[in-house]
Ligand code: ADP
Ligand code: MG
């Protein structure tokens, strides 16, 4: 008896659907993308019961000709490409011609569409197992309705979560898809209730709106590095945005998940917010199609860059350069509205570490990194000298007084400056430690009992090619035989870290990104903690001279505008705002 059978088209479609349609939000993604591709400038999404009962997407795009309608639900039928060469210049979201056929194989699908060249609309639906297409009143554009998702596939249905979880997945996909398309108005209804309205507006405004923060809390970046265009929205403080799903990543306007971009963001932010793993951010990169492959996965959420490490470096450098601002130089940190109370409240430090015995911190001593607190007293020039020589007011102004032992009040040409002295000093120390580590030759600790590690072929090759890099970081590694290596020296600073696992991570980073990001991040976290322990504590009485010296150091320090946890170190209240408070007309 013959054992091998040709699968029916329906089964083939259902299997293929498994790759694209995992849950209602995957349907939402495909339908929204089709609407974007149609050139629509208004798109609305309605779901009921988490999308399991019904998903409806309506757009005002170019529509589908009635003779094309029956084809639109066929497998591998698309209007977006003809030959494989088109892949290199494709600018639409779709191109594989799989979504509608996959969706129709696992749901009840109905399409109503009126093409821009036709006077009436047409309706494509299944009647008694056969597809029919007949005239139907319709406005210009397309409506796709998907009902009873997975009704034929109970195994799939069982994997779905509660309808509130499914609808929040749908909402996430909706926001991620919508945010980047500034020229389209977006509407989202859940169980008939309108829950999101995004009229056409700039991405910065949308980002702020979605995250429910004010626009002046967001740093907007728009730069070009070689062929790579980079746009980003970075909130000044991530206290308000703690949800991982609020990372919006795009490559050529497609929402993606990408390890390279995530790592670049993580390491850029590490300098600002060490220890905080989750950051709300929008990052969009544009690069020529030849440098990126979207045809990696049927869902098209993963991409492959031709040069991973170039993309990594470009993003990292751009973000870093924009974050690396000594206080008072680039941002005004201005409190611009009269909602001062709220903003100050949200900036307020959580808790200040209370013991101050850490000036004699043994770790710090062993690193040769003495606290700079004393230097605040002696190193800087006399304040009057400063005024005479410069004849101008420095960005953070001159100290007036200390408030509650926590804040420094200072006067500059704009008005009043308030500085969180612990946060500011913490940043100054952190940057100084990092510099010491960068500039000094790393001290290597030789291990009495070398550690043996086994590597696979690729890892072994990476170690051999990067011997120099590894030893400059303080790791001395020798080959024993083809895949066994011995670690005989480690950087003194790494004494508290699990050597075996960190070496594995370093090797993986070196082969993926060309740099050892994970090690640097651990080292920074460690130094950040030392800095936090060593910085001036609350209730430390400071003289005016010490305060002024702290302000001058802040102006010289990279990232001086933020403490190591990403909170602002200072803020400005302009005279005009103070005038507003007192209703004083000027
Ligand atoms: P793909 O998007 O990869 O081409 P789909 O299965 O998603 O494949 O869609 C098949 C075809 O149906 C598209 O190529 C397009 O021509 C047409 N189509 C689907 N949705 C729309 C829409 N909202 N507006 C206009 N045309 C559409
Ligand atoms: Mg499509």
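Between residue 259 and residue 483, what is the FRET efficiency for a Förster distance of 25 Å, r being their Cβ-Cβ separation, to the nearest 0.05? Intermediate values should be presented prior to the final figure.
On the way: r = 25 Å, r/R0 = 1.01.
Between residue 259 and residue 483 the formula returns 0.50.
Can you tell me the FRET efficiency between residue 309 and residue 582 if r is taken as the Cβ-Cβ distance and R0 is 60 Å, rounded to the nearest 0.05?
Efficiency computed from Cβ-Cβ geometry: 0.60.
Can you bin the stretch 159-202 into rounded, prolate or oblate? Criterion: square roots of the alpha carbon gyration tensor eigenvalues sorted a ≥ b ≥ c, rounded for a/c under 1.5, prolate for a/b above b/c, oblate for the rest.
Since a/c reaches 1.5 but b/c is at least a/b, the shape of the stretch 159-202 is classed as oblate.
Set the Förster radius R0 to 60 Å, insert the Cβ-Cβ distance between residue 87 and residue 446 as r into 1/(1 + (r/R0)^6), and round the FRET efficiency to 0.05.
0.65
Once you put a point 7 Å from the Cα of residue 197 and another 7 Å from the Cα of residue 539, both along the Cβ direction, what distance in nm separates them?
Here the modelled spin labels are 5.2 nm apart.
Need one word for the stretch 531-586: rounded, prolate or oblate. Basis is the Cα gyration tensor (sqrt eigenvalues a ≥ b ≥ c); a/c below 1.5 gives rounded, then a/b vs b/c decides. Don't skip to the answer; put the middle values down first.
Details: a/c = 2.38, a/b = 1.90, b/c = 1.26.
It is prolate, given that a/c is not under 1.5 and a/b is the larger ratio.
Quickly work out the residue 161-to-residue 49 label distance, labels modelled 7 Å from Cα along the C-beta direction, and quote it in nm with one decimal.
Inter-label distance under the simple model: 2.0 nm.
Quick one: if you stick a label point 7 Å off each Cα along the C-beta vector at residue 458 and residue 290, how many nm between them?
Once both label points are built, they end up 2.7 nm from each other.
What are the principal axis extents of the Cα atoms in the stretch 88-130, in Å, biggest first?
41, 32, 12
Give the peptides 409-417, 460-468 in descending order of average Cβ contacts within 10 Å, highest first.
So the peptides 409-417, 460-468, ranked by packing, come out 409-417, 460-468.
Starting from a Cα-only point model with no solvent, please compute log10 I(q)/I(0) by Debye for the stretch 119-191 at q = 0.26 1/Å.
For the stretch 119-191, the Cα-only Debye profile gives -1.15.
So for each of 116-122, 96-102 I average, over its residues, the number of other beta carbons within 10 Å; can you give me the resulting order with the highest mean first?
96-102, 116-122
Sorting check: for 545-552, 559-566, 226-233, which peptide has the highest mean count of neighbouring beta carbons within 10 Å, and how do the rest follow?
559-566, 545-552, 226-233
By the gyration tensor of its Cα atoms, with a ≥ b ≥ c the square roots of the eigenvalues, what is the shape of the stretch 28-72: rounded for a/c under 1.5, prolate for a/b over b/c, or oblate?
Values: a/c = 2.54, a/b = 1.52, b/c = 1.67.
It comes out oblate by the Cα gyration axes.
Starting from the Cα-Cα distance between residue 317 and residue 500, subtract it from 0.36 nm times their residue separation and give me the gain in nm to one decimal.
Details: separation 183, 0.36 × 183 = 65.88 nm, distance 2.92 nm.
Separation in residues times 0.36 nm, less the Cα-Cα distance, equals 63.0 nm.
The numbers here are math on the coordinates, done by the rules we state, and not lab data. Quantities reported herein were computed from a predicted structural model and do not represent experimental measurements. Methodologically, a virtual Cβ is constructed for each residue, glycine included, from the backbone with ideal geometry; neighbour enumeration extends over all protein chains shown.
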